[in-house]
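Structure, as structure tokens:
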Amino acid sequence: MVYSLVLQQARCARCVLHWHGFRDSRAILLTAGKRASPLSHVVTGIHSGAVCEQRRGFSVDFRLNKERSKEKVPQVSVSGPHASPPVASAAQKVKQAGKDFTYLIVVVIGIGVTGGLLYVVFKELFSSSSPSKIYGKALEKCRAHPEVIGAFGEPIKGYGETTRRGRRQQVSHVEYIKDGLKHMRLKFYIEGSEPRLQGTVHTEMKENPESGKYEFRYIFVDIDTYPRRTIVVEDNR
Amino acid sequence: MEEYVREPCPWRIVDDCGGAFTMGAIGGGVFQAVKGFRNAPVGVRHRLRGSANAIRIRAPQIGGSFAVWGGLFSTIDCGLVRLRGKEDPWNSITSGAMTGAVLAARSGPLAMVGSAMVGGVLLALIEGVGILLTRYTAQQFQNPNPLVEDPSQLPPKDANHSHRGFGQYQ
């Protein structure tokens, strides 16, 4: 790590040297003379040993360049707040305020988008009426059902629709409202230890008018391969 | 649908690894191109050369670290699928967190926790995008109205007959 750091600094330092060769080499020498001693302490404090001794000059230059550029940028835009604090003209104030405002908007939008996404995820994961929660419950019921176990073999696994990237964790679902009650239909797939046997689980939930919770109306499993049949896991119609 | 009869899981690791490498190399290449351009000495030739240099040196590194991330993530994801026998968003969030933890393992437990949280939140965000996308596309593709009415004819018994039983056969 230290190695790569030193390398990088050395690379940058080379650029810096070029640059100073073109521009104001006197100025950098002056500043270097002024600041060399504390910086070299810092540098030796950071690195240690012979590597540091060799590379010290590079590191110093690099840092100086950084500092200078940092100093230079605000001088251009804010026109030296250290020298004369109260004399920021109205135009500059407006400019600065506009800049701040733009950044604020960007930050607020970012936070809003992140919050919205997190809200969607948490709703999906924790609310009891979300498709993935219902899918989990229905899968548990299928796993506990003796006939499903008998047909598919013991470790039963469930998955949803396959996306292009080989993810199968989204189950397909339809929500609709009938007689003023919310219904949700859900479809997912199960596989057991039996080879080449795939089943499709269809389930429908209905909202209970008193408690507002979802309850299963039916769960049944279609076996998709040749001896086709249907196993009804639960039917509360 | 037809081409997905095969299990995606063990193959997905290679797939994700390569995808992550490509993504990292291209994205990192663009980033490093700009960075190299700006850091180079004045002059178009110097700047272009600096940009090319930065890409040459850094882009494969970035791609490589992305590939490590993707491969480990996918491996853990597949392991979780195998263990839990279920595929849902929890898998990818957990494996994102675990990948972050594992890759920070050399810098101590505190860094592991932090990096695990970053990984988990990141994957949760990606998962959220995925959920929103599927919801949006699902709304576009299937119109729910025609299949609302009949309570699908596959379980051959009708409502209101009130004999509920297990083990229907045909």
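Please specify each residue of the stretch A:182-210 satisfying the condition of being within 36 Å of the chain's Cα centre (by Cα) and among the polar types (S, T, N, Q).
So in the stretch A:182-210, the residues within 36 Å of the chain's Cα centre (by Cα) come out as A:182-193, A:198-207.
A:Ser193, A:Gln198, A:Thr200, A:Thr203, listed by residue number.
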Taking the stretch A:159-182 and the residues there that are of a type in the set (Asp, Glu) and in a strand (DSSP E or B), the one that is most open to solvent (accessible area, probe 1.4 Å) would be A:Glu175
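Consider the stretch A:196-215. How many of its residues are more than 24 Å from A:Val120 (Cα to Cα), away from chain B (no Cβ under 11 Å) and not β-branched (Val, Ile, Thr)? Can you show your working first?
Here is the first cut: in the stretch A:196-215, the ones more than 24 Å from A:Val120 (Cα to Cα) are A:196-202, A:209-210.
Imposing the further condition that a residue be away from chain B (no Cβ under 11 Å) reduces the set to A:197, A:199, A:201, A:209-210.
Still in the list and also not β-branched (Val, Ile, Thr): A:197, A:199, A:209-210.
Within the stretch A:196-215, residues that are more than 24 Å from A:Val120 (Cα to Cα), away from chain B (no Cβ under 11 Å) and not β-branched (Val, Ile, Thr) number 4.
Okay, residues lined up against (1) open to solvent by 70 Å² or more (accessible area, probe 1.4 Å); (2) among the polar types (S, T, N, Q); (3) under 27 Å from B:Leu83 (Cβ atoms):
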{"residue": "A:Phe101", "(1), (2), (3)": "yes, no, no"}
{"residue": "A:Leu104", "(1), (2), (3)": "yes, no, no"}
{"residue": "A:Leu125", "(1), (2), (3)": "no, no, yes"}
{"residue": "A:Ser128", "(1), (2), (3)": "no, yes, yes"}
{"residue": "A:Lys137", "(1), (2), (3)": "yes, no, yes"}
{"residue": "A:Glu140", "(1), (2), (3)": "yes, no, yes"}
{"residue": "A:Gly150", "(1), (2), (3)": "no, no, yes"}
{"residue": "A:Gly153", "(1), (2), (3)": "no, no, yes"}
{"residue": "A:Lys157", "(1), (2), (3)": "no, no, yes"}
Picking from B:Val68, B:Val42, B:Val34, the residue that is at pLDDT below 90 and open to solvent by less than 90 Å² (accessible area, probe 1.4 Å) would be B:Val42
For the stretch A:122-132, state whether one or more residues are within 12 Å of chain B (Cβ to nearest Cβ), at pLDDT 85 or above and under 19 Å from A:Arg229 (Cβ atoms). no
Looking at (1) among the charged types (D, E, K, R); (2) within 18 Å of the chain's Cα centre (by Cα); (3) more than 12 Å from every other protein chain (Cβ to nearest Cβ), which one does B:Arg12 not meet, given that it meets all the others? (3)
For residues that are buried (at least 20 other Cβ atoms within 10 Å of the Cβ) and touching a residue at least 24 places away in the same chain (Cβ under 8 Å), tally how many sit in the stretch A:192-237. 10
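The values are calculated or read from the model by the stated rules, or taken from the named source; none is laboratory data. Being a predicted model, the structure only gives us computed values, none of them experimental. Backbone-built Cβ (ideal geometry, glycine too); neighbour counts: all protein chains shown. Heads up: the accessible areas ignore ligands, DNA and RNA and are worked out on the full protein's heavy atoms, side chains in. Shrake-Rupley method; radii C 1.70, N 1.55, O 1.52, S 1.80 Å.
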